[in-house]
Amino acid sequence: MIEICNLFKQYEHQPLFKDLHLVVEKGSVVAIIGPSGSGKSTLLRCMNGLEAFQKGYISVDDQRFCGVLERGYNKGQEGITIKNIRRKVGMVFQQFNLFPHMSVLHNITVAPIFVLGVDQAEAESNAISLLRKVHLMEKAGKYPVQLSGGEQQRVAVARALAMKPEAMLFDEPTSSLDPEMIEEVLLVVKELVSEGMTTIIATHEMGFARDVSTRVLFLDKGEIVEQGKPQEMFSNPQNDRTKAFLSRFMK
Amino acid sequence: MRRFHEWLIFIIMEYKYFIIRCIVMLQMCFSGIFFSINHAFAYQDTLDKIKSSGVITWGFDAEGGAPYVFRDSANPSKHIGFEVELVAAIARELGVKVRYFQNAWDSILLSLQRGDFDIALNGIEITPDREQSVLFTRPYYAYAEQIVVRDSDNRIHRLEDLRGKKVGTLYNTEAKRLLEAMGGIAVNIYSGQVEPFKDLLLNRIDAVFVDLPIAAYYTMPNPQLHMVGDPVGDGYYGIALRKEDASLADELNKIIEKLLRSGELKKIYSRWGLWNVAQEKLFLHEGILKNYAESPPSSSEKAPIVLTKFLPTLLKGALVTIGISILSMMLAVVLGLILTFMRLYGNTWLRMVSTAYIEIYRGTPLLIQLYILYYGLPSIGITLSAFVVAILGLGMNYAAYEAEIYRAGIQAIPKGQTEAALSLGMSGRLTLKRIILPQALRITIPPMTNDFIALFKDSSLISVIAITELTKSYGILAAASMDYFKLGIITALLYFGMSYPLSLYARKLEKKLKSHDRNL
Ligand SMILES: Nc1ncnc2c1ncn2[C@@H]1O[C@H](COP(=O)(O)OP(=O)(O)OP(=O)(O)O)[C@@H](O)[C@H]1O
Ligand SMILES: [Mg+2]
C-alpha cells in the first residue's frame, strides 16, 4: 500500500537517507527501531508530506509524491497529491500536538467538518464513538490542558482516526509519557492493529514491537540495516549494529 | 607612558556615552546654579544688566514669522523682518548689541517670565489678560485684522459673511477671539502662519482672518489670494517685559517715541509695506493705554473659574481624541494584518513590500509622516482633510507596529500545531484560520492593548494639523489663561483617566494568559 523508492534526503548538505527502499503491504504492522538520530521521525514525516526530500518518490496507492515542498504545503497537482496522501495516512506525534484552544470533541471534529465537509451532528456522533474506542468518553467537553499526557495522546489517536485513514503512522507515541501512562496508549494502538489497520510505528518499546508488529525494521544513520519478523530479529539478529543496539535494550 | 595612553583611550572609547552624559549633566547643573543666582539670590535690574553687559537679549519666534522676523531665504543664517530692524534701532539707541533668542511663540511670555531673555517683541498684542502677567511698553505698531480669501471666491466681502464658513486663524490671537465671539464660524486654529494660507489655497478652508501684516505679506505676492473688506478691530503690538522691569520700560518708551518722531519707524514700516494711517495713533499712546485700563473687558471673570469654564472645552477635545484613537486603531489592526500576511505568506515581492513598509514606518518620526501627509501630498495633487490625515497618519504608523506584534504572535505558535493540522489534511489557509490565528490572537491581545494606549497618547501629535483634540484644547486654553500648571494637571488627569483602565485591563489579560501557559 505504501511504497518508498530510491529515497534520498539531506539536511543542509548532510545526507540522511541515501537510497532507501521500503514497501508496506496493506494490513501489515511495521515497527521501526533504531538509535536516536537514526532518522525514524524523518522517515515517517516524509511519508506524510511534512518533510521535503531530494530524490526518489513515496507513493500511497495511486498517489505519488516526489518530495518538493514549499513551506509545508503545495499548490496545484503536487498539493492535491499531498492532501490525498495525508487523508489516507493519519499521523500521531510524540508531542500529541492537540489544539489547545479547542475542546476534546472539537479537536476531533474540526478536520472532518472543514476538510471532508461532514455535517456537525454526524461528525460529533462519530467523535463520540471514537472517544469510546480510546476509553475517553467522559472527557469530550474538556480542554487539552485538563488532560494527562496519556489521555492527550489517546485523543490525538482519535483525532487522526476521525479522518478514516487507511494507514496510521505513530512517531514514538509514548516517548514523552510517564511510565504509568504508556500502557493505556499502547493498548489503544494494539486494539487498532487487531482491527487490521495498516500501521507504521517508530518506538523504543521493544516488547511492544515484538508483540504487535508483523515486521521489525532496524534503522541506523538513515540506513535500513536489517529487517525481518520480530521473533527472528529480537532472538537472532544478524548484523553487528543490530546486536549492539538490541543488547543495550535487553539488559 | 604608552600604557597609560592606551588605557585612557580604552576608557574613553568604552565609556564615551557615559562621559558625554556626565558632561551634559554637569553643564546643566552649573547653568541651573547660575540661573538661580541670577534670578533668586542676586536680582539685578534688567536695564543695568543690559547696559553693563552691552547686550540685550531678544525673544522671538522666527518659524513662519514673516514679515515680523524670519530667516532670509537668500541667506538662511540671517534674520530679517520689520521687527529685526526695529530691535536693531532700539539696541543702537541703548548703545548695546542684540542677542537673538529663538523661542516658540506659544510660550514666549512664559519664557520671558522665566528670565530666558530681556524683552519679548514679536507681534505680541497688548491685551488686558496679558497685562496681568507682563509689563508692556507703549505700542510700536497698530494692527487690525484682515480677511483673506481665494481670488476665485466671491461669497465673502466682510466679517459677517464668515458665518457658516470655515475660517483659519492663528493660535492665541485677537483675530481668533473675534471670530469666536461672533459665533457660527468653524474656526480652524493654526500655530504657524504659513499653514492657514496653504490650506486656503487647497480649499480646506474658506478664508483666513489674521493680523494685517501677516495678511499683507502672504497675499501681495500671490495672485490666487486677495484681501477683502476693511481691516477690522484695532489693537497694538507692544514690547513685553517682566513686571519688575519698570526702568527698562521707561527707557524703551523714550526710544520708541524718539523713533516715531524722527520718522525712522515710519521708514522701517514703509519698507515692509506696513505703514498706514492707523499708525498715526501710535503718537497718542497714553490715551490708548488708559483706555484699556478703564475698560478691562474680561479680566473680572478670569481667575477662579477654571473648572466650570474650561472643562467643557477640554472634554470636547477628549472626545475628539477618543474618536480619532479608535478609528486609527481599527485601521492599524486591519492594515497590520494585511502586512503580516504579506510578510509571512506572500511571494518574494509582497514580502519585500511589507518589510519595507514596516521598517520605514518604524524608522521615521510620526510627526514627519503627518507633515508629509498633510502638507506634502497636496503638492502632488492629493489633498486630504485634517481628519482623514489624522486617522491615516496614526493608523498607517501603528499598522507597522501591529504587524510586528501579529508576526511575533503567529511565530510563537509551535510548529507542531501546523504539522498536526496539515497531517489531518487541512489546507494552509484552513490551518491559518482555524488553528494558528485563534491561538495567535490570544497572545497578541495584551501587546495590542498596550499599543492602543500608546497610540492614544501619540494622538496628541495630530494637534499640529489643525485638529482641536485634547492637547490642542489644552494649549489654546492655557495660552489664553496663562495657566499652564492647573490646566496641564487637569489635561494630564484626563489622559490618565482614560488610559489607566485600559492598562489595568491589559495587565489582567497578560496575567490570565500566563496562568494559562503554566497549565500547558
Ligand atoms: N530540521 C532539521 N535540520 C537539520 N537536521 C535535522 C533536522 N531534523 C532532523 N535532523 C537530523 O536528522 C537526523 C535524524 O533525525 P530524526 O529526528 O529523524 O531522528 P530520530 O530517529 O527520530 O531520533 P529520536 O529517536 O531522537 O526521535 C538527526 O541526525 C538530526 O540531527
Ligand atoms: Mg524522533
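Would you check if there is a residue in segment A:7-17 being in a loop (DSSP other than H, G, I, E, B), surrounded by fewer than 23 Cβ atoms within 10 Å (Cβ to Cβ) and within 16 Å of ligand 1 (Cβ to nearest atom)?
yes
If the requirement is being free of Cβ contacts under 8 Å to residues at least 60 places away in the same chain, acidic (Asp, Glu) and in the same structural domain as B:Arg158 (by TED's automatic domain parsing), which of these qualifies: B:Asp206, B:Asp211?
After ruling out the rest, the residue left standing is B:Asp206.
So which residues in segment A:129-142 are closer than 22 Å to B:Gln439 by Cα and either under 21 Å from the mean Cα position of the chain (by Cα) or part of a helix (DSSP H, G or I) (or both)?
A:Lys139, the sole residue that qualifies.
Under the condition of being in contact with a Leu (Cβ under 7 Å, 6 or more places away or on another chain) and under 18 Å from A:Val89 (Cα atoms), which residue from segment A:200-237 is nearest to ligand 2 (Cβ to nearest atom)?
In this case the residue turns out to be A:Ala202.
In segment A:103-154, which residues are away from chain B (no Cβ under 14 Å), among the charged types (D, E, K, R) and more than 22 Å from B:Ser423 (Cα to Cα)?
Of everything in segment A:103-154, those that are away from chain B (no Cβ under 14 Å), among the charged types (D, E, K, R) and more than 22 Å from B:Ser423 (Cα to Cα) turn out to be A:Arg132, A:Glu138, A:Lys139.
Pick out, from segment A:143-251, the helices (runs of 4 or more DSSP H) lying fully within it that include 2 or more residues that are more than 20 Å from the chain's Cα centre (by Cα).
Because the criterion is at least 2 residues that are more than 20 Å from the chain's Cα centre (by Cα), the helices (runs of 4 or more DSSP H) in segment A:143-251 that meet it are A:179-194, A:230-235, A:240-250.
Can you name every one of the helices (runs of 4 or more DSSP H) wholly within segment B:345-429 that holds 1 or more residues which are more than 14 Å from every other protein chain (Cβ to nearest Cβ), of a type in the set (A, V, I, L, M, F, W, C) and under 18 Å from B:Ser460 (Cβ atoms)?
Those helices (runs of 4 or more DSSP H) span B:366-371, B:386-411.
Return the residues of segment A:82-102 that are facing another protein chain (nearest Cβ under 7 Å), under 27 Å from A:Glu205 (Cα atoms) and part of a helix (DSSP H, G or I); say none if nothing qualifies.
The answer is A:Arg86, and nothing else.
Yes or no: A:Phe65 surrounded by 15 or more Cβ atoms within 10 Å (Cβ to Cβ), within 14 Å of chain B (Cβ to nearest Cβ), away from ligand 1 (no atom under 11 Å from the Cβ) and touching a residue at least 12 places away in the same chain (Cβ under 8 Å)?
Here the answer is yes, as A:Phe65 does meet what is asked.
List pairs: first residue in segment A:166-180 and acidic (Asp, Glu), second residue away from ligand 2 (no atom under 16 Å from the Cβ) and in a helix (DSSP H, G or I) anywhere in the structure, Cβ distance under 6 angstrom, at least six positions apart or on different chains.
Note: pairs meeting the criteria are A:Glu166/A:Lys88.
Tell me, yes or no, whether segment B:425-438 has at least one residue that is closer than 30 Å to A:Lys164 by Cβ and polar (S, T, N, Q).
Yes; the residues of segment B:425-438 include at least one that is closer than 30 Å to A:Lys164 by Cβ and polar (S, T, N, Q).
Give, as residue ranges, the helices (runs of 4 or more DSSP H) completely inside segment B:160-244 that count at least 1 residues that are of a type in the set (Val, Ile, Thr) and within 30 Å of B:Val87 (Cα to Cα).
B:194-201, B:212-219
Need pairs with beta-carbon distance below 6 Å; first residue under 15 Å from A:Phe96 (Cα atoms) and within segment A:131-149, second in a loop (DSSP other than H, G, I, E, B) and at pLDDT 90 or above; sequence gap 6+ or separate chains.
A:Tyr143/A:Ser103; A:Pro144/A:Leu98; A:Pro144/A:Pro100
Please go through (1) under 17 Å from A:Thr198 (Cα atoms); (2) within 14 Å of chain B (Cβ to nearest Cβ) for A:Lys75 and return the number of the only condition it doesn't satisfy.
(1)
Quick one: in segment A:18-55, which of the residues that are at positive phi and within 15 Å of ligand 1 (Cβ to nearest atom) is nearest to the other protein chains (Cβ to nearest Cβ)?
A:Gly39
The values are calculated or read from the model by the stated rules, or taken from the named source; none is laboratory data. Everything quoted here is computed from the prediction, not taken from an experiment. Virtual Cβ from ideal backbone geometry, glycine too; neighbours counted across all protein chains shown.
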